[in-house]
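Read-outs: derived from the displayed coordinates by stated rules, not from any lab. This is a predicted model, so every value here is computed, not measured. Positions of Cβ are backbone-derived with ideal geometry, glycine not excepted, and every protein chain shown enters the neighbour counts.
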Ligand code: ADP
């Protein structure tokens with residue numbers, strides 16, 4: 001397998017090879033140049049040396065010949081022989097070193113001329129011995145021209161070699177210039193080749209990496225339709241194959257997820273659609289993102305038309321919009337007072353009532369993407385409530401008159417006929433009296449409550465001092481407390497601001513609270529009535545140290561017909577419910593703090609008069 005590393009090494013290897021080629025070429029050229037200069041020097045120098053020595057030898061031989069002619073025969077002859085040997089020696093060397101054309105011809109001429117010169121010299125020596133006077137003439141005519149021709153031949157040989165040497169030096173010069181030129185050209189071409197090759201190799205190596213980078217960028221932008229081309233079988237090709245596989249898997253996963261998300265969306269839409277209550281989902285810009293058919297029916301619009309619309313375009317209720325805003329801002333369900341969560345929609349003659357729940361959505365990361373609005377149709381419940389209240393009102397009203405006459409009759413009997421009755425009959429009459437009293441109280445309470453619920457409670461508000469209300473209530477309850485042995489205290493400051501209230505109704509509430517406190521406090525116990533200003537309200541509180549209220553009962557204590565123990569022998573379980581309605585009608589609130597066994601505190605508020 002050709003690996004990625006091998007590819008890189010191949011790139012470097014090729015460049016290295018080129019460098020080696022250029023270097024070898026330079027070495028070869030330099031060697032060639034050296035060898036050429038060396039041979040020129042060696043060959044031509046030897047020939048020149050031979051020619052010079054031959055000139056030397058033949059000139060000395062000529063001088064020796066003159067010595068003989070001058071009478072120094074022995075000395076001249078020996079000098080001649082010496083130089084003859086030298087001449088022949090150098091001639092032999094010149095013959096061994098024939099390298100130039102024309103050189104051989106010169107040497108042949110020289111050899112033949114020298115042989116003739118030697119024989120003429122022998123003749124001259126013989127002539128000298130027989131006729132010395134003729135010898136000088138013979139020298140002049142036969143020997144001297146020969147000597148000159150030999151000397152000229154030697155000079156020619158030397159000059160020929162000189163010329164050749166000069167030509168060779170010129171040639172060497174040319175070779176060196178050529179070498180510099182060719183090395184420069186080949187070096188330049190090699191550099192170009194290395195550059196081109198390096199670019200090619202770097203492109204070859206970097207191209208798949210660039211392709212991978214670009215594909216990865218596409219995948220990061222959720223475009224899974226990318227494939228990296230796979231070339232060859234090296235590591236990068238393997239990486240590209242794995243990358244393509246990974247993208248394929250990611251695509252499958254993405255498609256699967258999209259499918260799942262769509263299925264989940266359809267499921268939740270189906271759930272929302274099938275719910276009987278109206279559901280409206282708004283995003284953080286209050287644009288409707290979900291709207292079920294029930295909600296569409298409530299608001300009298302088409303579900304499709306309402307999507308992406310602002311909630312106020314569909315539900316024109318600023319009060320509910322305020323709650324929506326509060327829920328979105330805080331991420332918590334808004335605080336809605338009881339009764340405030342009802343949306344009434346009128347269509348022609350008919351009014352429908354919906355209980356509204358507002359639930360902010362929350363993602364696990366704490367983002368608040370919107371709010372869910374749930375509308376439950378309570379028109380029927382309200383109607384039933386109204387019918388019940390009307391029935392209770394009518395029944396109590398109808399019961400009140402006969403009960404009054406029964407009460408009068410029983411009272412009359414107790415006063416006039418009592419002495420004539422037996423003890424047992426008297427006890428029966430007393431029981432009858434108590435039952436009638438309790439029934440009257442119950443009927444009165446029921447009548448009051450149904451009037452309040454039907455909105456028929458008439459309140460006449462006026463500015464009134466809180467301590468005035470408290471004094472009135474205390475005066476009503478005082479004798480009862482005394483007879484029960486309970487200490488009654490008032491700590492209502494005189495300087496509290498006036499409140500807006502219906503004095504009769506508030507005194508009723510106070511008396512009811514004090515009566516309750518008395519009922520659930522043993523003899524020797526204490527009851528305290530306190531008052532305080534908090535903001536723009538006055539708080540009145542009735543505290544006792546009686547038996548207290550069990551914790552599980554406390555949240556329901558203000559509901560209708562809620563009793564502690566049936567054996568209490570107390571009232572109807574309507575007192576606190578009526579008190580709450582009265583306080584509410586005064587735009588106040590009522591609540592209880594109680595610890596079982598330690599006592600209770602009932603507190604209610606009234607608005608300070610403007
Ligand atoms: P009732 O007419 O029965 O007193 P209320 O609505 O006034 O009805 O009171 C409901 C119940 O609350 C009582 O039955 C009693 O159990 C409890 N309760 C009210 N006031 C007190 C109190 N001061 N101490 C203990 N329990 C109390």
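For the range 400-440, the alpha-carbon coordinates run over 30, 16, 10 Å along the three principal axes, in decreasing order. Ordered from longest to shortest, the equivalent ellipsoid semi-axes for the range 358-408 are 52, 12, 5 Å, each the square root of 5 times a Cα gyration tensor eigenvalue.
Determine, for each peptide in 575-583, 79-87, 152-160, the mean count of other beta carbons within 10 angstrom over its residues, then list the peptides with the highest first.
Most protected by this proxy first, the peptides run 575-583, 152-160, 79-87.
Taking every alpha-carbon pair within the range 449-544, the share separated by more than 22 Å comes to 33 percent. Spin-label pair residue 395-residue 101: with each label point 7 Å from Cα along the Cα-Cβ axis, the two points sit 15.5 nm from one another. Can you compute the label reach from residue 316? Point 7 Å from Cα along the Cβ direction, backbone N cut-off under 15 Å, restricted to the range 334-351. Inside the label zone: 344-348.
Where does the Debye-calculated log10 I(q)/I(0) of the range 124-241 sit at q = 0.10 Å⁻¹, using only Cα point scatterers of equal weight, no solvent? For the range 124-241 at q = 0.10 Å⁻¹, log10 I(q)/I(0) is -0.70.
Here residue 593 and residue 335 are evaluated by their C-beta separation; at R0 = 25 Å the FRET efficiency comes out at 0.80. Sorted from longest to shortest, the spans of the Cα atoms of the range 86-163 along the three principal axes equal 46, 20, 17 Å. By the Cα gyration tensor, the range 368-442 has an equivalent ellipsoid whose semi-axes, rounded to whole angstrom, run 50, 14, 7 from largest to smallest. Simple spin-label estimate for residue 265 and residue 20 gives 6.6 nm between the two label positions (7 Å along the Cα-to-Cβ direction from each Cα).
What FRET efficiency do you get for residue 462 and residue 285 if R0 is 41 Å and r is their Cβ-Cβ distance, rounded to the nearest 0.05? Computed FRET efficiency for residue 462 and residue 285: 0.25. All C-alpha pair distances within the range 326-375, sorted into 10 Å bins from zero, spread as 24, 40, 24, 10, 2 percent across the bins.
Could you tell me the ratio Rg/Rh of the range 470-605? Both radii from Cα atoms, Rh via Kirkwood. Please report the intermediate quantities before stating the final value.
Details: Rg = 14.2 Å, Rh = 15.1 Å.
Checking Rg against Rh, the ratio lands at 0.94.
The convex hull defined by the C-alpha atoms of the range 41-87 has an orientation-averaged projected area of 2.8 nm². Each 10 Å bin from zero up to the one holding the largest Cα-Cα distance in the range 1-87 carries the following percent of pairs: 15, 19, 13, 12, 10, 9, 8, 7, 5, 2, 0.
Look at 203, 467 and count the other Cβ atoms within 10 Å of each Cβ; fewest to most, that gives 203, 467. Quarter the surface of the alpha carbon convex hull of the range 331-415 and you get the mean projected area, 10.4 square nanometres.
The alpha carbons of the range 244-352 give a radius of gyration and a Dmax of 18.7, 69 Å, in that order.
Note on residue 185 and residue 66: with the Förster distance fixed at 60 Å, the Cβ-Cβ geometry gives a FRET efficiency of about 0.40.
For the range 42-70 versus the range 114-155, the spacing of their alpha-carbon centroids is 16 Å.
Give me the percent relative contact order of the range 373-462, please, defined on Cα pairs under 8 angstrom at least 6 residues apart. Once normalised by length, the contact order is 45 percent.
Between residue 308 and residue 416, the simple spin-label model (points 7 angstrom out along Cα→Cβ) gives 8.8 nm. Available extension along the chain between residue 200 and residue 256 is 15.9 nm, counting 0.36 nm per residue and deducting the alpha carbon span. log₁₀ I(q)/I(0) of the range 396-499 at q = 0.11, 0.14, 0.20, 0.21 Å⁻¹, via Debye over equal Cα point scatterers, no solvent, to two decimals? With no solvent term, the Cα-only Debye profile gives -0.63, -0.89, -1.07, -1.08. Working from Cα pairs under 8 Å separated by at least six residues, relative contact order for the range 160-241 is 19 percent. Taking 0.36 nm per residue of separation and subtracting the Cα-Cα distance, full extension of the segment from residue 126 to residue 433 would add 89.5 nm. Placing one identical point scatterer on every Cα of the range 297-346 and ignoring solvent, what is log10 I(q)/I(0) from the Debye formula at q = 0.26, 0.30 Å⁻¹? Taking Cα atoms of the range 297-346 as identical point scatterers yields -1.09, -1.16. Dividing the C-alpha radius of gyration of the range 182-302 by 2.2 N^0.38 Å, with N its residue count, gives 2.12.
According to the calculation over all Cα-Cα pairs in the range 314-457, the P(r) per 5 Å bin from zero is 2, 8, 12, 11, 10, 9, 8, 7, 7, 6, 5, 5, 4, 3, 2, 1, 0, 0 %. Listing 600, 572, 479, 206 from fewest to most neighbouring C-beta atoms within 10 Å gives 479, 206, 572, 600.
Global size of the range 199-257: 12.5, 45 Å for Rg and Dmax (C-alpha atoms, Rg to one decimal, Dmax whole). Based on alpha-carbon centroids, what's the gap between the range 236-308 and the range 349-419 in Å, whole number please? The range 236-308 and the range 349-419 have Cα centres spaced 43 Å from each other.
So for 526, 586, fewest C-beta neighbours within 10 Å to most, what's the order?
526, 586
Mean silhouette area of the chain, derived from the convex hull of its C-alpha atoms and averaged over all directions, reads 66.7 nm². Taking every DSSP helix (H) stretch of at least 4 residues in the chain, weighting each as -39,500 (n - 2.57) and dividing the sum by the residue count yields a mean residue ellipticity at 222 nm of -22000 deg cm²/dmol.
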